[in-house]
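**Student:** One structure, as structure tokens, below. Some questions next.
The values are calculated or read from the model by the stated rules, or taken from the named source; none is laboratory data. Because the structure is predicted, anything quoted here is derived from the model rather than measured. In this analysis, Cβ positions are derived from the backbone assuming ideal geometry, glycine residues included, and neighbour counts consider all displayed protein chains.
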Amino acid sequence: MISTLLVANRGEIACRIFRTCRELGIRTVAVHSDADENALHARVADATVRLPGAAPADTYLRGDLIVKAAVAAGADAVHPGYGFLSENAGFARAVLDAGLVWIGPPPEAIEAMASKTHAKKLMGLEPLRDVTETDLPVLVKAAAGGGGRGMRIVRRPQDLDSALEAARAEAASAFGDGEVFVEPYVENGRHVEVQVLADTHGTVWALGTRDCSLQRRHQKVIEEAPAPALPDGLAEELHTLAVRAARAVDYVGAGTVEFLIADGKPHFLEMNTRLQVEHPVTEAVFGIDLVAQQIRVAEGHPLENDPPRARGHAVEARLYAEDPANDWTPQTGTLHRLTVPEGVRLDTGYEDGDSIGVHYDPMLAKVVAHAPTRAEAVRKLAGALERATLHGPLTNRDLLVRSLRHPEFTTARMDTGFYDRHLPELTASAPEPHAPLAAALANAHGRSRFGGWRNVPSQPQTKRYAIAGEEHEVHYRHTRAGLQADGVRVVHAAADLVVLEVDGVRRKFTVARHGDEVHVNNTALRALPRFPDPTAHLAPGSLVAPMPGTVVRVAEGVELGSTVQAGQPLLWLEAMKMEHKITAPVTGTLTALHATPGHQVTVGSLLAVVQAT
């Protein structure tokens, strides 16, 4: 029996595994990088071990240090979570060689399926060798790992070499393996997968289907179970193919077989030999704990002959600290507040006051809703996200709510091209029009009741706020009757709650303040000085870093004096294990270039200047 378990991971998945361990009475051990010393997963574990020496982004790829940590902490089992070393056969062998229990499939099964090129050969498929015009578009894809890293779509032959180079670099950074391959790119298909669970006694369960078609940068955003509106018989066919794939490699434990559905036919993508990020929707529908099942299987317990029955529908949304309207740029800073209404599941690696750094994936949490029907589950999740409290860096919350309510999603007509078609409408700015006034009135409440009131009429009080980069100015007055503003009736004004009546309708505005940040319901504002600093500006055409990161390369041929076109890639930053392209804002001449490969930059650092022509 396992008594102490080390999780070779961080963040949300480590916290989620620890939760099951506590329920089972298993002691827990966390490992952490220097950047994660105070992270939630390190705080909640029974014991922690620092992983020394490596850079924060690479720490969790040091299998030797992790095995050493497990032995030192007295752990008798290791769970890899997802990402990092979860599909690394060498790490699995090292765990087993150290006399520890590996919560995962045999190393041989990982080797057979973790390389996507080998997995495709097992399923009778071959990658493209010589790409011609007729093969386009194609997808360059990392052979190891997942999460969309190391993927590039190529639509023109002349772009293939640069895509291969970029994919290799990103895959090597994320997984320690730069092998990539090329396969046909099926546009606008549906991404459907099957959860499998196998024991050491020959039983393999197929635990239904999941649809993961809503993706950005080949990373899943919204997932659900079961996959809706599949053609007759397709779910059963996918179950059969998934079980066949698992049996082909003598699989043990939890795994996922992924397919792309086009014209009603399945195309095998890969088998992930680990727990998936989206496993909670399967848990909700089947009423099981997949982590507990993984542990039971690793202890040698048999599965029942048949899996439990599926009940209802579940939908999961991944909440990211990112700006979807600005090329999904990751956001950093302090997460002041994160809460969701009761009735939905929240899996997170953060607590109020935690810092969102630059070294790791910007996912804040997963929010999961389960209900008897799909329509009810989707409505429940959208409502919960809309009412969630999120104070801190910009997130994709509004995008998630609008996606869940989009008619293409509610009628199950979505595919992997959903955001390519609808991103502009889903990210259109729609701030609460009365949020600046509510913020100003809440701020004014801190004075005495008649503070600011004068017997002689005077100019109204003025406050300025920025919302999504746009400036808003509001006016109000202190009167004998209290605070007043044009066009509305101020029913109540306190530091944390303002009630306004507009056209006979009363609306409540909750207000929270964190330094210059003000949050009014779901709208984030920044208080501006009354008199702007006239010197606070950059030259036209300036390119500044949208995030902290490292300059990984400058585009070939780009140098001082170069003529560049609007939208032309100039350089690439690496942050949170992904590359982010920085493009010319206008057509013109490059008059300044402050970025060189390896250069560390902070938010707002001047990278280059393009003088318009």
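**Student:** Could you tell me whether ARG379 is surrounded by 13 or more Cβ atoms within 10 Å (Cβ to Cβ), modelled with pLDDT under 95 and in contact with a Lys or Arg (Cβ under 9 Å, 6 or more places away or on another chain)? I'd like the intermediate steps shown before the answer.
**Tutor:** Details: surrounded by 13 or more Cβ atoms within 10 Å (Cβ to Cβ): yes; modelled with pLDDT under 95: no; in contact with a Lys or Arg (Cβ under 9 Å, 6 or more places away or on another chain): yes.
For ARG379, the condition - surrounded by 13 or more Cβ atoms within 10 Å (Cβ to Cβ), modelled with pLDDT under 95 and in contact with a Lys or Arg (Cβ under 9 Å, 6 or more places away or on another chain) - is not met.
**Student:** Which count do you get for residues in the range 191-227 that are in a loop (DSSP other than H, G, I, E, B), modelled with pLDDT of 95 or more and over 15 Å from PRO266 (Cα atoms)?
**Tutor:** Restricting attention to the range 191-227, the residues satisfying the condition of being in a loop (DSSP other than H, G, I, E, B) are 199-203, 217-218, 226-227.
Cutting the leftovers down to modelled with pLDDT of 95 or more gives us 199-203, 226-227.
From what is left, the residues that are over 15 Å from PRO266 (Cα atoms) are 199-203, 226.
Final tally of qualifying residues: 6.
**Student:** OK, next. Those residues that are more than 12 Å from LYS120 (Cα to Cα) and aliphatic (A, V, I, L, M), I need them from the range 255-269; list them, please.
**Tutor:** Quick first cut of the range 255-269, residues more than 12 Å from LYS120 (Cα to Cα) only: 255-256, 260-266.
Listed by number, the residues that qualify are LEU260, ILE261, ALA262.
**Student:** Now a separate question. Return the residue satisfying two criteria in turn: it lies in the range 472-493 and is under 27 Å from LEU394 (Cα atoms) and in contact with a helix residue (DSSP H, G or I) (Cβ under 7 Å, 6 or more places away or on another chain), and of such residues it is surrounded by the most Cβ atoms within 10 Å (Cβ to Cβ).
**Tutor:** Start the filter on the range 472-493 by keeping residues that are under 27 Å from LEU394 (Cα atoms), which leaves 472-475, 493.
With the extra rule that they be in contact with a helix residue (DSSP H, G or I) (Cβ under 7 Å, 6 or more places away or on another chain), the set shrinks to 472, 474, 493.
Numbers: HIS472: 18, VAL474: 20, ALA493: 22.
Among residues in the range 472-493 that are under 27 Å from LEU394 (Cα atoms) and in contact with a helix residue (DSSP H, G or I) (Cβ under 7 Å, 6 or more places away or on another chain), the one surrounded by the most Cβ atoms within 10 Å (Cβ to Cβ) is ALA493.
**Student:** Follow-up question, since we're still on this one. Here are some residues: ALA539, ALA595. Which one is surrounded by 20 or more Cβ atoms within 10 Å (Cβ to Cβ) and part of a loop (DSSP other than H, G, I, E, B)? Walk me through it before giving the result.
**Tutor:** On the way: ALA539 fails: surrounded by 20 or more Cβ atoms within 10 Å (Cβ to Cβ).
None of the others qualify; the one that does is ALA595.
**Student:** Quick one: what pairs do we get from the range 434-446, first residue within 13 Å of VAL502 (Cβ to Cβ) and without any contact (Cβ under 8 Å) to a residue 60 or more places away in the chain, second surrounded by fewer than 24 Cβ atoms within 10 Å (Cβ to Cβ) and not small (Gly, Ala, Ser), C-beta under 7 Å, 6+ apart or different chains?
**Tutor:** If the second residue must be surrounded by fewer than 24 Cβ atoms within 10 Å (Cβ to Cβ) and not small (Gly, Ala, Ser), no pairs are left.
**Student:** What residue, among those in the range 551-586 that are over 33 Å from the mean Cα position of the chain (by Cα) and outside any strand (DSSP E or B), is farthest from LEU606 (Cα to Cα)?
**Tutor:** GLY557
**Student:** Here's another thing I want to ask about it. Only one of (1) touching a residue at least 24 places away in the same chain (Cβ under 8 Å); (2) more than 20 Å from VAL291 (Cβ to Cβ) is not met by ARG62, so which one is it?
**Tutor:** It fails just one condition, (1).
**Student:** Another one. Can you name every one of the strands (runs of 3 or more DSSP E) wholly within the range 339-399 that holds 2 or more residues which are under 20 Å from PRO56 (Cβ atoms) and not assigned by TED's automatic domain parsing to the domain that holds GLY549?
**Tutor:** Those strands (runs of 3 or more DSSP E) span 354-356, 363-371.
This table checks each residue for (1) touching a residue at least 40 places away in the same chain (Cβ under 8 Å); (2) crowded, with 20+ Cβ neighbours inside 10 Å; (3) touching a strand residue (DSSP E or B) at 6+ places or on another chain (Cβ under 9 Å); (4) over 29 Å from ALA442 (Cβ atoms).
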{"position": "VAL505", "(1), (2), (3), (4)": "no, no, no, no"}
{"position": "GLU517", "(1), (2), (3), (4)": "yes, no, yes, no"}
{"position": "LEU543", "(1), (2), (3), (4)": "yes, yes, yes, yes"}
{"position": "VAL551", "(1), (2), (3), (4)": "yes, yes, yes, yes"}
{"position": "GLY561", "(1), (2), (3), (4)": "no, no, yes, yes"}
{"position": "MET576", "(1), (2), (3), (4)": "yes, yes, yes, yes"}
{"position": "LYS581", "(1), (2), (3), (4)": "yes, no, yes, yes"}
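**Student:** Another question about this same structure. Quick one: what pairs do we get from the range 65-87, first residue under 13 Å from THR4 (Cα atoms), second surrounded by fewer than 21 Cβ atoms within 10 Å (Cβ to Cβ) and among the hydroxyl-bearing types (Ser, Thr, Tyr), C-beta under 7 Å, 6+ apart or different chains?
**Tutor:** Partner pairs satisfying both residue conditions: GLY74/THR4; ALA75/THR4; ASP76/SER3; ASP76/THR4.
**Student:** Related question: Got a number for residues in the range 22-44 being touching a strand residue (DSSP E or B) at 6+ places or on another chain (Cβ under 7 Å) and crowded, with 24+ Cβ neighbours inside 10 Å?
**Tutor:** Total meeting the criteria: 6.
**Student:** Also: Are there strands (runs of 3 or more DSSP E) fully within the range 239-337 with at least 1 residues that are closer than 23 Å to PRO107 by Cβ and in contact (Cβ under 8 Å) with a residue 24 or more places away in the chain? List them.
**Tutor:** Values: elements: 253-262, 265-272, 313-320, 333-335.
Because the criterion is at least 1 residues that are closer than 23 Å to PRO107 by Cβ and in contact (Cβ under 8 Å) with a residue 24 or more places away in the chain, the strands (runs of 3 or more DSSP E) in the range 239-337 that meet it are 253-262, 265-272.
**Student:** Could you tell me whether any residue of the range 182-190 is modelled with pLDDT of 95 or more and over 14 Å from PRO307 (Cβ atoms)?
**Tutor:** Within the range 182-190, the subset modelled with pLDDT of 95 or more is 190.
Then keep just the ones that are over 14 Å from PRO307 (Cβ atoms); that gives 190.
Within the range 182-190 (the criterion being modelled with pLDDT of 95 or more and over 14 Å from PRO307 (Cβ atoms)), the answer is yes, since at least one residue qualifies.
Okay, residues lined up against (1) assigned by TED's automatic domain parsing to the domain that holds GLU316; (2) surrounded by fewer than 24 Cβ atoms within 10 Å (Cβ to Cβ); (3) more than 30 Å from LEU426 (Cβ to Cβ):
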| position | (1), (2), (3) |
| --- | --- |
| THR203 | yes, yes, yes |
| ALA206 | yes, yes, yes |
| ARG210 | yes, no, no |
| LEU230 | yes, yes, no |
| ALA235 | yes, yes, no |
| THR240 | yes, yes, yes |
| ALA248 | yes, yes, yes |
| ALA262 | yes, yes, no |
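**Student:** If you don't mind, another one. Restricting to the range 450-467, count the residues that are exposed (fewer than 15 other Cβ atoms within 10 Å of the Cβ) and either within 25 Å of GLY392 (Cα to Cα) or at pLDDT 55 or above (or both).
**Tutor:** Number satisfying all stated conditions: 4.
**Student:** Going residue by residue through the range 70-88, is there one that turns out to be of a type in the set (Val, Ile, Thr) and within 28 Å of the chain's Cα centre (by Cα)? Full working, then the answer.
**Tutor:** Going through the range 70-88, the residues of a type in the set (Val, Ile, Thr) turn out to be 71, 78.
So of that shortlist, the ones also within 28 Å of the chain's Cα centre (by Cα) come out as 78.
Checked the range 70-88: at least one residue is of a type in the set (Val, Ile, Thr) and within 28 Å of the chain's Cα centre (by Cα).
**Student:** Regarding the range 270-284, can at least one residue be identified that is aliphatic (A, V, I, L, M), buried (at least 22 other Cβ atoms within 10 Å of the Cβ) and either touching a helix residue (DSSP H, G or I) at 6+ places or on another chain (Cβ under 6 Å) or closer than 21 Å to TYR185 by Cβ (or both)?
**Tutor:** Quick first cut of the range 270-284, residues aliphatic (A, V, I, L, M) only: 271, 275, 277, 281, 284.
Next, from what is left, pick out any that are buried (at least 22 other Cβ atoms within 10 Å of the Cβ): 271, 275, 277, 281, 284.
If we keep only those that are either touching a helix residue (DSSP H, G or I) at 6+ places or on another chain (Cβ under 6 Å) or closer than 21 Å to TYR185 by Cβ (or both) as well, we get 271.
Scanning the range 270-284, I find at least one residue that is aliphatic (A, V, I, L, M), buried (at least 22 other Cβ atoms within 10 Å of the Cβ) and either touching a helix residue (DSSP H, G or I) at 6+ places or on another chain (Cβ under 6 Å) or closer than 21 Å to TYR185 by Cβ (or both), so the answer is yes.
**Student:** Now a separate question. Inside the range 195-214, can you point out the residues that are more than 28 Å from the chain's Cα centre (by Cα) and polar (S, T, N, Q)?
**Tutor:** Residues of the range 195-214 that are more than 28 Å from the chain's Cα centre (by Cα), as a first pass: 198-205.
Once the filter is applied, which keeps residues that are more than 28 Å from the chain's Cα centre (by Cα) and polar (S, T, N, Q), the range 195-214 yields THR200, THR203.
**Student:** Of everything in the range 139-197 that's closer than 25 Å to ALA225 by Cβ and among the polar types (S, T, N, Q), which residue is surrounded by the most Cβ atoms within 10 Å (Cβ to Cβ)?
**Tutor:** That would be GLN195.
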